[in-house]
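The values are calculated or read from the model by the stated rules, or taken from the named source; none is laboratory data. This one's a predicted model, so the numbers in the text were calculated from it and none came from an experiment. Cβ atoms come from the backbone with ideal geometry, glycine included; neighbour counts cover every protein chain shown. Quick note on the areas: whole protein, heavy atoms, side chains included, nothing else; ligands and nucleic acids left out. Shrake-Rupley method; radii C 1.70, N 1.55, O 1.52, S 1.80 Å.
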Amino acid sequence: MKNDTYYMELALKEAEKAYQKDEVPVGCVIVKDGVVIASAHNLKETSQVVIDHAELLAIKKACKKLNSWRLDGCQLYVTLEPCPMCAGAIIQSRIQRVIYGTQDPKGGCFGSLINFDEIKGFNHYPMITSEICKHSCQKILKEFFKNKR
């Protein structure tokens, strides 16, 4: 049976694709009923479009695949804790569960910098699981930024 580690490893493969394009290596996959319905990686530098984060690109693909903006019953696996923009899209799209690899102390919105789960009034709150494949997710980011300096 496929588990969180399996899907996070797929997200890490997406992060590798970003790394090869000199993008911040963040990858994302969206799963529904045990099937990957979308995958993406950061493309902000390539496209020069600020919203081209892995999560948003994957959400867009998943919505197209399901022909709905509601991603009920979907799980989103991402190598880095979502930023405010991505966390907002996750909430708006009704994603059931978010699984991330490593925290983002400078921008993470599901526990690090702020916790969107503690903001009262949203109409949806995804379940959050963190630190899946944490060391692998941290390693690719550290290596990327070390090489940038």
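Of all DSSP beta bridges in the chain, what percent run antiparallel (nearest 5)? Display every interim value, and only then the final one.
Working: 12 of 20 bridges.
Counting only bridges with both partners in the chain, antiparallel ones make up about 60 percent.
For the range 69-116, state which chymotrypsin sites (Phe, Trp or Tyr not before Pro) are in a DSSP loop and have at most 14 other beta carbons lying within 10 Å of their beta carbon. For chymotrypsin sites (Phe, Trp or Tyr not before Pro) across the range 69-116 that sit outside H, G, I, E and B with at most 14 neighbouring Cβ atoms in 10 Å, the list reads 69. Report summary: the helix-based calculation at 222 nm, which adds -39500 (n - 2.57) for every DSSP H run with n ≥ 4 and divides by the residues of the chain, gives -12000 deg cm²/dmol. Residues 5, 102, sorted by accessible area with the largest first, give 5, 102 [1.4 Å probe; ligands and nucleic acids excluded].
Length gained on full extension, residue 138 to residue 47, computed as 0.36 nm times the residue gap minus the Cα-Cα distance: 30.3 nm.
Note on the chain: with a GNM built from Cα contacts shorter than 10 Å, the maximum mean-square fluctuation among 31, 50, 98 falls on 50. Can you list residues from other chains, or at least 5 along the same chain, whose modelled amide H is less than 5 Å from the amide H of residue 79? Long-range HN contacts for residue 79: 27, 101. The lysines within cross-link reach of residue 134, meaning a Cα-to-Cα straight distance under 26 Å and a gap of 8 or more places when in the same chain, are 2, 13, 17, 21, 32, 44, 60, 61, 106, 142, 146, 148. Using only the Cα atoms of the range 58-145, build the gyration tensor, take square roots of its eigenvalues as a ≥ b ≥ c, and label the shape rounded, prolate or oblate: rounded if a/c is under 1.5, else prolate if a/b is larger than b/c, else oblate. Since a/c reaches 1.5 but b/c is at least a/b, the shape of the range 58-145 is classed as oblate.
Entry comment: accessible area of the chain is 54 Å² per residue, from protein heavy atoms only and a probe of 1.4 Å.
Note on residue 35 and residue 70: their simple-model spin labels are 2.0 nm apart, each label 7 Å out from Cα toward Cβ. For residue 94, the residues 5 or more places off, or on other chains, whose built amide H falls under 5 Å of its own are 71.
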